[in-house]
Each structure stands twice: as structure tokens, then as C-alpha cells.
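The values are calculated or read from the model by the stated rules, or taken from the named source; none is laboratory data. From a predicted model like this one, the values you see are computed outputs, not experimental measurements. Cβ sites come from the backbone with ideal geometry, for glycine too, and all protein chains shown count toward neighbours.
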Amino acid sequence: MIRVSLRTKWLAGTLLAILFVAAVWTLAVVTNESSPPSRVAHITIHDYMFSPMKLVVQPGEHIVVKNDDSVVHTLTSIDDRFASGLLAPGYSDTIEAPSTPGTYDYICTIHRYMFGEIIVK
Ligand SMILES: [Cu+2]
């Protein structure tokens, strides 16, 4: 008969407890990393145009506006619901879509012929 000392049992129990905690922790971290990121939409400005010109988003969704043009632009809602700051070439800003479903027109306040739509569904 194999005799197992109390100390060995205690060590084995402690080791099992540590392994269990490590496994749960790892699972929690992996689960957290695999959850879908919150949605972020993108609008790019290039050649004096917004792309896409029509963007469908969820209420309150964040939209990153990036100026890939060689001059300063803005993306500004025509009814002042949202606005980027002045976007120098290469810069971006994040705006938040309105929380109410609808179609929201916007322009560049510097080049007022530049326009686009954000559709909140
Ligand atoms: Cu502009």
C-alpha cells in the first residue's frame, strides 16, 4: 500500500486549486478578448468627397472621420447634431451618430458643395 503523507495531500490540493484558478482566469481573459468589439464606422475624405457618401449606422455608433486629402475639411451636420473639428490633412476625429433613427445630411463647412448622409437605423 502506498502511503501518502498529509503534507503531500495538502500540496496536491493546493496545486489543483491554483490550476483551477489559472484555468478560470485564462477562460475569462480569452472570453473577453473574443467578444465582438463595439462597432465603429469610418468615413474617409479624399478628392473633396466623403466616402461612403451614404453611411448606415446604429444609433449612437461612433464614426471615425479621416481626412486623406491635401486640404483642411470638416464633416458637419447641417442641423448641428454632430461635427468633426477642423481636419487637417492626415488627421481624423470621431463623431457620434444621433441616437434617433433618421437620415442626417452633412457638409464640409469649408467646401459647402461637399455633402453626405448618415442614416441611423
Ligand atoms: Cu472641405
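Structure above, values below:
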quantity: Scan of the range 20-68 for residues that are among the small types (Gly, Ala, Ser) and at pLDDT below 95, ordered by number; calculated: Ala22, Ala23, Ala28, Ser34, Ser35, Ser38
quantity: Failed criterion for Pro98 (all others in (1) farther than 17 Å from Arg39 by Cβ; (2) without any contact (Cβ under 8 Å) to a residue 40 or more places away in the chain hold); calculated: (1)
quantity: Near pairs, Cβ below 8 angstrom, 6+ apart or cross-chain, from the range 47-58 (among the polar types (S, T, N, Q)) to any residue that is within 14 Å of the ligand (Cβ to nearest atom) and in a strand (DSSP E or B); calculated: Ser51/Ile43; Ser51/Thr44; Ser51/Ile45
quantity: Whichever residue in the range 93-121 is of a type in the set (Phe, Trp, Tyr) and surrounded by fewer than 19 Cβ atoms within 10 Å (Cβ to Cβ) and, among such residues, is farthest from the ligand (Cβ to nearest atom); calculated: Phe115
quantity: Extreme residue, farthest from the ligand (Cβ to nearest atom), among residues of the range 60-89 that are within 15 Å of His42 (Cβ to Cβ) and surrounded by fewer than 16 Cβ atoms within 10 Å (Cβ to Cβ); calculated: His62
